[in-house]
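Peer 1: Take this structure, written in C-alpha cells, and hold onto it; I'll ask about it next.
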Amino acid sequence: MTTSIPINKVHAQTEQTDVYAKRMELYKKVEAVTHIPWFYLAAIDQYERTVRASRRDLPKATGLTGIYFREDQWSGALNPNKKDENPLSIQFFNGMGLDGNGDGKASITDDEDVLYTFATNVLSYGTDHDNIKIALWDYYKRDKTVGIIIGKAKIYHHFGHLNLDSHAFPVPLRSNYSYKNTWGDARGWGGRRIHEGTDIFANYGVPVRATSYGIIEMKGWNRYGGWRIGIRDINNNYHYFAHLSGFAKDLRVGQVVEPGMLIGGVGSSGYGPPGTSGKFPPHLHYGMYKDNGVTEWSYDPFPHLRLWERQERQNAKKKR
Ligand SMILES: [Zn+2]
C-alpha cells in the first residue's frame, strides 16, 4: 500500500535532517579543536535552544547553534563598542567572544565562533566529565540546569545521533483505554488544587511505555502519586507517570529510554503509605512539565497525547 504524504511535509522532514547533519558537523569540528566530546556540546546547544524557545525575554535562535550570549557578555561589560568583532579589543575588555573559524573576527552571529567560545570557556576547567560539570555549574549557577544538560549528553552519547524527536503513546493502542481532556479540572483524586495531567483509564497491569527519548530522572513512591516515574526528554520536558502497579524489571534512575520502551504497568497506587493501592479505579496519570532554565511549570499533555496516538496509528498502517 502506498501512502501519499504532502510534498511540503516531505520537504520539511528533509530540511530537518539536513539541520541535524550540519549541526553534527559543527559539533565534530569544535570537538576536534577543543577535545570536548561532541555529545556535551550537543547537550549544551540543545539546552540553550530549548530555553530560548520557551522564554519571552530571550531572542529566538536563528542560526545552527542555540547558544545565546548577550552582547555585553560577548564584547565585554565596559567595551564601548557592543558590536565589537575584534578578538583583541574584546579580550582587552574581558569579553568572552572568540574567533573559532579563523577568519580574524569574533562574530556573535557566527555558529562556529559562538560554539567555540562556549567550548573554550568549558575547556579552561578540563575535558573530563567532572570538570565539565563544574564548568557548567560556574556558568549557570543552577544544579537543575547542570543535571538536565548532563542527562542530555548521556542521551546523545547513547544513541550517537541528534534525531530524537519521535514519540509513542503511553499505553499500547491495541489495549482497552480511554481518556478525556481534564487538565485544570478542580477535581483530581484527593482534591489537589488543579489537575495537572491527563488520566488514561485502562485495566490493571496494562503496559506503560516511555513516550519520548529521554532519561529516567525519578523513580519511587509518593503519597499522592503512588509508584511513579519521571522522564526528562531532550526538549527540557519532564514526563510524569503516576499510580503505577509497579516498574519494569531493572529500570533505574539515570537510564536512557526511547519511545515505546516498557517502564511499568497501569495501577491504582497512591494515597497512603508505600504499597497502598485500590483507592480509585486503575489509571495512568500522565503529566508534562517544562523547564525554562529558571522555573518549571505544568502544561496540558492532552493535545500531545492525541498527536502521538494519531502518529502511532499512521505509522502502524504504513508498516502493514
Ligand atoms: Zn490524574
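Bear in mind these aren't lab numbers, they're just calculated from the coordinates by the rules spelled out. This one's a predicted model, so the numbers in the text were calculated from it and none came from an experiment. No Cβ is skipped: glycine too gets one built from the backbone with ideal geometry, and neighbour counts run over all protein chains shown.
Peer 1: Summing Lys, Arg as +1 and Asp, Glu as -1, what charge do residues with Cβ under 10 Å from the Cβ of Tyr271 carry, Tyr271 excluded? Write out the running numbers ahead of the final one.
Peer 2: Values: positive: Arg223, Lys279; negative: none.
Neighbour charge sum, excluding Tyr271 itself: +2.
Peer 1: Just list whichever of Lys60/Lys141; Lys60/Lys144; Lys133/Lys319 have alpha carbons separated by over 32 Å in the model shown. Mind showing how you got there, number by number?
Peer 2: Numbers: Lys60/Lys141 22 Å; Lys60/Lys144 22 Å; Lys133/Lys319 43 Å.
Flagged as over cut-off: Lys133/Lys319.
Peer 1: Related question: As a footprinting exposure proxy, order Leu162, Leu98, Leu244 by other Cβ within 10 Å, with the fewest listed first. Intermediate values should be presented prior to the final figure.
Peer 2: Details: Leu162 21, Leu98 18, Leu244 26.
Listed from fewest to most nearby Cβ atoms, that is Leu98, Leu162, Leu244.
Peer 1: Relative to the Cα centre, what is the charge dipole magnitude of the stretch 177-319, using +1 at the beta carbon of each Lys and Arg, -1 at the beta carbon of each Asp and Glu, and rounding to the nearest 20 debye?
Peer 2: On the way: 19 positive and 12 negative charges, 72 e Å.
Dipole size: approximately 340 debye.
Peer 1: If each residue's Cβ is checked for other Cβ atoms within 10 Å, how do His157, His283, His195 rank with the fewest at the top?
Peer 2: Values: His157 15, His283 23, His195 18.
Least to most surrounded, the residues fall as His157, His195, His283.
Peer 1: Output the 0 to 90 degree angle, nearest 10, between the alpha-carbon long axis of helix 111-123 and the longest principal axis computed from the alpha carbons of the chain.
Peer 2: Long axis of 111-123 versus the principal axis of the chain: about 80 degrees.
Peer 1: Quote the charge dipole size of the chain about the Cα centre in Debye, to the nearest 20; the model charges only the Cβ of Lys and Arg (+1) and of Asp and Glu (-1).
Peer 2: Values: 41 positive and 34 negative charges, 363 e Å.
So the magnitude is around 1740 debye.
Peer 1: Then there's this: Would you tally the net charge around Asp72, using a Cβ to Cβ cut-off of less than 14 Å, leaving Asp72 out, and scoring K and R as +1, D and E as -1?
Peer 2: Numbers: positive: Arg70, Lys82, Lys83; negative: Glu71, Asp84.
For residues surrounding Asp72, the net value is +1.
Peer 1: Based on the alpha carbon coordinates of the chain, what radius of gyration and maximum Cα-Cα distance (Dmax) apply, in Å?
Peer 2: Every Cα atom of the chain included, Rg and Dmax give 22.3, 69 Å.
Peer 1: Could you size up the charge dipole of the stretch 31-120 around its Cα centre, putting +1 on the beta carbon of Lys and Arg and -1 on that of Asp and Glu, and report it in debye to the nearest 20? Mind dumping the intermediate values first?
Peer 2: Values: 9 positive and 14 negative charges, 94 e Å.
In total the dipole reaches around 460 debye.
Peer 1: What ratio of Cα Rg to 2.2 N^0.38 Å holds for the stretch 210-290?
Peer 2: This ratio for the stretch 210-290 stands at 1.03.
Peer 1: Which of rounded, prolate, oblate describes the stretch 14-64, given a ≥ b ≥ c as roots of the alpha-carbon gyration tensor eigenvalues and a/c under 1.5 marking rounded, otherwise prolate only if a/b is larger than b/c?
Peer 2: Numbers: a/c = 2.69, a/b = 1.45, b/c = 1.85.
Oblate, since a/c reaches 1.5 and b/c is not below a/b.
Peer 1: If you don't mind, another one. Express in whole angstrom the spacing between the alpha-carbon centres of the stretch 72-92 and the stretch 187-261.
Peer 2: After rounding, the separation between the Cα centres reads 47 Å.
Peer 1: Rank-order 26-33, 176-183 by packing density, defined as the average count of other C-beta atoms within 10 Å over each peptide's residues, highest first. If you can, show how the numbers build up before the last one.
Peer 2: On the way: 26-33: 18.1, 176-183: 14.4.
Result, highest mean Cβ count within 10 Å first: 26-33, 176-183.
Peer 1: Show me 14-23, 101-110 ranked by packing, highest mean number of other Cβ atoms within 10 Å first.
Peer 2: 101-110, 14-23
Peer 1: Along the three principal axes, how long is the stretch 177-319 when you take its alpha carbons, biggest first, rounded to the nearest angstrom?
Peer 2: 43, 34, 31
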